[in-house]
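Quick notes on the structure that follows.
The values are calculated or read from the model by the stated rules, or taken from the named source; none is laboratory data. None of the values given here were measured: they were computed from a predicted structure. FYI the Cβ positions are ideal-geometry reconstructions off the backbone, even for glycines, and counts take in every protein chain you see. Side chains are part of the model used for accessible areas, which takes the heavy atoms of the whole protein and leaves out ligands, DNA and RNA. Shrake-Rupley method; radii C 1.70, N 1.55, O 1.52, S 1.80 Å.
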2 protein chains.
Amino acid sequence: RIFNEVLFFPSEIVCVEHIFTPSSPYSCICSLPHGVETSFSRLLHHIMSASNSLDLCVFAFSNMDLCRAVLALHGKGVTIRVLTDKDYAAITGSQIGVLRRAGICVRCDVGSVYMHHKFAVMDGRLLITGSLNWTLTAVQSNTENIVVTEEPDLVQPFIKEFHRLWVHNDPA
Amino acid sequence: RIFNEVLFFPSEIVCVEHIFTPSSPYSCICSLPHGVETSFSRLLHHIMSASNSLDLCVFAFSNMDLCRAVLALHGKGVTIRVLTDKDYAAITGSQIGVLRRAGICVRCDVGSVYMHHKFAVMDGRLLITGSLNWTLTAVQSNTENIVVTEEPDLVQPFIKEFHRLWVHNDPA
Ligand SMILES: [Zn+2]
Ligand SMILES: [Zn+2]
């Protein structure tokens with residue numbers, strides 16, 4: 001059976017520390033609820049499942065937990081490519097500069113009014129796509145959705161489109 | 001085999017008159033290209049395929065061709081429910097007022113910062129979801145995607161979420 005999941009937001013605000021430090025699941029002493037699975041913890045779980053590659057194509061990226069997830073994958077040797085909107089990349093709070101300084105390949109779309117996608121492909125296998133930008137407001141305050149799927153008829157077109165946009169846009 | 005399709009934008013600008021008047025496919029004399037299938041014509045085709053119901057949940061709705069499609073379905077007796085963002089509904093160019101004046105049921109999300117969804121369910125069977133708002137800029141100028149699927153594991157959660165949001169939000 002092909003994996004399909006839909007996650008809706010806003011997500012409850014809970015501790016997600018265990019996703020980053022799975023070896024010590026009970027050690028966190030922060031004031032947020034623990035042991036609760038939410039749409040956001042599921043999203044982080046899916047992103048962190050990448051073992052080989054992460055292709056991310058997202059308009060707005062300012063969420064620090066999502067940035068931490070991408071940096072963690074980078075630290076584990078996962079090949080990461082990030083395609084983003086040139087205007088949003090420059091605003092205060094954008095994490096794109098953090099990713100670049102960590103050595104992650106980032107390209108900015110220069111050919112359209114807005115690079116409005118919000119999708120990611122993990123290991124050429126699992127697609128995350130929907131309305132959700134990678135911001136704190138999107139996760140905690142907006143009504144949003146993401147589809148998570150391994151259906152090849154859906155994953156493959158996104159892989160091709162990512163490749164098309166990647167080669168089309170300047171690495172500068 | 002379950003129907004799955006991915007459409008990418010921006011879409012070429014071509015004549016879509018034949019989708020609204022299929023009985024006279026060769027009669028249009030406008031200056032746009034004819035007989036060309038695009039992502040936007042596919043989107044219109046899928047929307048116009050509704051024979052019983054259309055549940056639409058979209059942040060921004062200003063595209064006049066998409067408004068014409070919804071009005072055409074309404075005229076054919078298709079039951080239409082539109083859930084939208086309260087702030088965007090009030091801006092210049094929004095077609096929400098046009099839909100309301102035509103007698104279509106519209107509700108505005110009042111509980112979140114942004115009602116940022118962009119999905120539609122036709123006949124409880126076919127789901128359209130993605131990054132694309134129902135605006136001219138999204139269709140013609142932005143880099144965008146929509147997933148079109150009949151996969152029940154994806155369609156059913158959106159049906160439930162639409163119901164939840166519909167009953168939760170005020171008809172005023
Ligand atoms: Zn904690
Ligand atoms: Zn024409």
Practice prompt. Starting from a label point 7 Å past Cα on the Cβ side, list the distances from A:Cys105 to the same position in the other copies, nm, shortest first.
Written response: 5.0
Worksheet item: For A:Leu132, which sequence-distant residues (separation of 5 or more, or a different chain) have an amide H within less than 5 Å of its own amide H, given hydrogens modelled in the peptide plane?
Response: A:Asn145
Worksheet entry | Label geometry 7 Å along the beta-carbon vector: A:Arg125 inter-copy distances in nm | 3.4
Worksheet, complete the sentence: Two pseudo-spin positions, 7 Å from Cα along C-beta at B:His74 and at B:Phe20, lie apart in nanometres by 1.4 nm
Fill in: Accessible area of chain A belonging to carbon and sulfur atoms, whole % at 1.4 Å probe
55 percent
Discussion item. Strictly greater than 35 Å: what percent of every Cα pair in the protein assembly as shown meets that?
Written reply: 22 percent
Fill in: Residues with amide H under 5 Å from that of A:Met115, placed H, sequence gap 5 or more
A:Lys86, B:Thr143
Worksheet item: With the dipole of the protein assembly as shown worked out from charges on the C-beta (+1 for Lys and Arg, -1 for Asp and Glu) around the Cα centre, which of B:Leu73, A:Val78, B:Gln95 lies farthest toward the positive end?
Response: B:Gln95
Discussion item. Viscosity 1.567 mPa s, temperature 4 °C: give me the Stokes-Einstein translational D for the range B:1-147 in µm²/s, with Rh taken as the Kirkwood radius over C-alpha pairs.
Written reply: 82 µm²/s
Response to the item:
In order over the range A:34-45: 3J(HN,Hα) from phi, Karplus 6.51/-1.76/1.60, θ = phi - 60°, whole Hz, x for each Gly or Pro, gives 10, x, 10, 8, 10, 4, 5, 5, 5, 4, 4, 4
Fill in: Helix-only mean residue ellipticity at 222 nm for chain B, each DSSP H run of n ≥ 4 adding -39500 (n - 2.57), per residue, nearest 500
-9000 deg cm²/dmol
Practice prompt. Please turn the phi angles of the range A:127-132 into ³J(HN,Hα) values with the Karplus equation 6.51 cos²θ - 1.76 cosθ + 1.60 (θ = phi - 60°), one per residue in order, whole Hz, x for glycine and proline.
Written response: 9, 10, 8, x, 8, 7
Discussion item. Only four residue types carry charge here, +1 at the Cβ of Lys and Arg and -1 at the Cβ of Asp and Glu. Report the dipole size of chain B about the Cα centre in Debye, rounded to the nearest 20.
Written reply: 440 debye
Worksheet, complete the sentence: Averaged over residues of B:136-148, the number of beta carbons from other chains lying within 10 Å of each residue's Cβ is 5
Worksheet item: Among bridges DSSP assigns within the protein assembly as shown, what percent are antiparallel (round to 5)?
Response: 60 percent
Worksheet, complete the sentence: Quotient of Cα radius of gyration and Kirkwood radius for the range B:69-119, i.e. Rg/Rh, equals 0.98
Fill in: Rg(Cα)/(2.2 N^0.38 Å) for the range B:1-43, N = residue count
1.33
Worksheet entry | Within chain A, longest stretch clear of exposed GluC sites (Glu not before Pro) (DSSP loop, no more than 14 other Cβ within 10 Å) | A:38-172
Practice prompt. Rounded to the nearest 10 degrees, what's the angle between the helix A:152-168 long axis and the longest principal axis of chain A, both from Cα atoms, 0 to 90?
Written response: 50 degrees
Worksheet item: Along the positive direction of the dipole of chain B (beta-carbon charges: Lys, Arg +1; Asp, Glu -1; about the Cα centre), which of B:Gly130, B:Leu56, B:Ile104 reaches farthest?
Response: B:Ile104
Worksheet entry | Antiparallel %, DSSP beta bridges [both residues in chain A], to 5 | 60 percent
Item to complete: State, to one decimal in nm and shortest first, how far the label point of B:Ala90 sits from each corresponding label point in the other identical copies (label point: 7 angstrom along Cα-to-Cβ).
Response: 3.1
Practice prompt. Specify the inter-centroid distance of the range B:134-172 and the range B:49-98, based on alpha-carbon positions, in whole Å.
Written response: 12 Å
